[in-house]
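Report on one structure; see the data block that follows.
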Amino acid sequence: MFSRSPSFVYSCIKSETPKIGVRYTAQSKKKRIVVQLLKDFAGVGVKGQVVHVKASTMINRLHPFNGAAYLNYSGAEPVIPVVQPKKSEPPKADANLSTEEANATKATSEIESNKRHSSEELLSLDQLVSIDLTELVGTDKDVILSKIPKKLIFYRDTVDDELRKPLSPDKIIDTLKNVATKELKEQRLKSSAIQFFQNHSILFLIKAVGEDGKPTEKVIDQIKALGTYHISLQENGEELASTIISVGSRNEK
């Protein structure tokens, strides 16, 4: 192997500097001087690198505290071995990392990747405005039916397990309407809910629930006794929704 003197390396660096450094105009380059960095400086270069800088930068930032050496005079040679900046490479995995640390690093990368994909999948404002809400939630009737409670509990004054005042279908319907309407946020849907419960084509069938937990065959016109009852909302013979009603004694609360 042949050794190369610092002056030879420096001469090579000087010839290569314009290729690896920042490109300057002819006018701006005249105002710059050649220096060698003796320390790392962000945005300027690394220790040992030969760079062209403004005289003011050298005086105010680099030269103080022996941060750089002048090479802009005849016969000047590098003070320390010359270093050429390396192209940035992606960081390699540390072989000393434990399996858990490596997995954690991999998981973090996957999370960042998922975040990027998620941001790409987000809808724009124009896309959101163009969405037909009925495609998402169905018709108004579907929304209203989804808000009808599955179970209600009524407490009434009783005399020997009989209600002092029967529980009428109108009272049950009003209660279902009030609960469903309260769950709706839009005024349009609230109005639709009121119309739905006033629709005469909707039947509210009341049946007692037997010991087997199933509704009996007999339809009753009102609730007169304590117990459990099944309310079926039907239209054209099709059940739209159902509710279980438990009637308890207010006297025993």
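Some observations on this one:
- Strands (runs of 3 or more DSSP E) completely within the stretch 153-253 that count 1 or more residues being within 19 Å of VAL143 (Cα to Cα) and in contact with a helix residue (DSSP H, G or I) (Cβ under 9 Å, 6 or more places away or on another chain): 202-209, 227-235, 238-249
- Against the list (1) at pLDDT below 85; (2) in the same structural domain as ASN236 (by TED's automatic domain parsing), the condition ALA180 fails is (1).
Yes/no per residue for (1) in contact (Cβ under 8 Å) with a residue 24 or more places away in the chain; (2) of a type outside the set (Val, Ile, Thr):
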residue: TYR155; (1), (2): yes, yes
residue: LYS171; (1), (2): no, yes
residue: THR175; (1), (2): no, no
residue: LEU205; (1), (2): yes, yes
residue: ALA208; (1), (2): no, yes
residue: GLN222; (1), (2): yes, yes
residue: TYR229; (1), (2): no, yes
residue: ALA241; (1), (2): yes, yes
residue: ILE245; (1), (2): yes, no
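The values are calculated or read from the model by the stated rules, or taken from the named source; none is laboratory data. The model shown is predicted, which means the values in this text are computed figures rather than measured ones. Using ideal geometry, Cβ is built from the backbone for each residue, glycine included, and neighbour counts are taken over all protein chains shown.
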